[in-house]
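Engineer: One structure, as structure tokens, below. Some questions next.
A short reminder: the numbers here are calculations on the coordinates, not readings from a lab. Quantities reported herein were computed from a predicted structural model and do not represent experimental measurements. Here the Cβ positions follow ideal geometry from the backbone for every residue, glycine too, while neighbour counts run over all protein chains shown.
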Amino acid sequence: MEIQKTRALLGHMPEQANRLIHFLNTNTSEELEALDIRDRTSTILDIKRVLTMRTLMQNLDRRSQDM
């Protein structure tokens, strides 16, 4: 089933995404630039796509169980 494939694809990515967002928010721009991260906002938005995918998968899972 596609839900299991997506869950397997995501794996631990949502937890890692939350840790990465915390890291980006707790470091200065200079520290991030030293790591070659020039745009904190767009980097966070890219990471949040993982969280959005998880939410969509969870909603789909709930709806399929209700059927």
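Engineer: Within segment 19-67, report the trypsin sites (Lys or Arg not before Pro) that DSSP leaves as loop and that have at most 10 other Cβ atoms within 10 Å.
Structural biologist: 38
Engineer: Going through the DSSP H helices of the chain, which span 15 Å or more along their own axis at the Cα atoms while scoring at least -0.5 as a mean Kyte-Doolittle hydropathy?
Structural biologist: 13-26
Engineer: Does the chain come out rounded, prolate or oblate by the C-alpha gyration tensor, with a ≥ b ≥ c the root eigenvalues, rounded set by a/c under 1.5 and, if not, prolate when a/b is larger than b/c and oblate if not?
Structural biologist: Taking the square roots of the gyration eigenvalues as a ≥ b ≥ c, the chain is prolate.
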